[in-house]
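Values quoted throughout were computed directly from the atomic coordinates according to the rules given, and no laboratory measurement underlies them. Please read all numbers here as calculations on a predicted model, not as lab measurements. In this analysis, Cβ positions are derived from the backbone assuming ideal geometry, glycine residues included, and neighbour counts consider all displayed protein chains.
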């Protein structure tokens, strides 16, 4: 082989290819899973909890009941 | 008195270093009943060229057994090409596959100039030129790995046909809506839909994250 004419490439990695692939995939999947978990916690779960707390802080159930009754949606409690 | 003749034939072939032919020949010889007749042919053939040995043995065998009227079916299919391995399933076929790189037969038939290269191949490989190495590769294989793996652009026609199918399905839906489906019920008129929306707001449906959470009840209109 005329090795003097062209530069030789570095020998590629011949062994442990599946192990390396699995390790890399495990790391990527762990990072992505944790990322998805935290994203859901902050953007969905905590936001929803805040919304519920905010709503019930100033919720007057009697007022809402009277409003609905006046609007006429109940069949057993007709407006006066 | 048969056995030494068979061994002599095998030793002759072994001297020419054609292992595949030796295996085939010996297997063939031990397999047959008419060993005597055949061994005489084999002993004569060892003086001849190596490549046609198998076909000549087989034709000799065909003459010996009159009920074999056809020639060797493998030879008819693959011609003069050499069988070099088991392949994917034992059949003597050729295919270029990345996950199965060694087919059962060589790609090209043996021609005199290829035969010259093969003789040279038995010596020192560093004496072969690049062109000779390429010719030897092309004699055994149809495509290189780069050619096998080259993109074909098939995805464009696949995508095109898929989209054509989707648009045809949409035309069919339009036809169904016009000619097949019954008219919508009267609850779909704008006035009735408006009334339904008012009722939902009165009931305060979705008060925290849904519909009513976007309505301002003090001002009586939608929240900014």
Margin query: If each residue of separation counts as 0.36 nm, what is the full-extension length gain between residue A:37 and residue A:77 once their alpha-carbon separation is subtracted?
Written below: 9.8 nm
Next item on the list: For the range B:68-164, just say rounded, prolate or oblate: build the C-alpha gyration tensor, square-root its eigenvalues into a ≥ b ≥ c, call rounded for a/c under 1.5, and beyond that prolate if a/b exceeds b/c, oblate if not.
Entry: oblate
Notebook entry, point to check: So if we plug the beta-carbon distance of residue A:47 and residue B:195 into 1/(1 + (r/R0)^6) with R0 = 30 Å, what FRET efficiency do we get, rounded to 0.05?
Noted result: 0.35
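When a/c reaches 1.5 or more, the comparison of a/b and b/c decides; with that in mind, is the range B:154-222 rounded, prolate or oblate per its Cα gyration tensor?
Oblate.
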Notebook entry, point to check: Tell me, what is the FRET efficiency for residue B:138 and residue B:163 to the nearest 0.05, using R0 = 35 angstrom and their Cβ-Cβ distance as r?
Noted result: 0.30
Margin query: Angle check, please: helix A:47-57 long axis (alpha carbons) against the longest principal axis of chain A (alpha carbons), in degrees 0 to 90, nearest 10.
Written below: 20
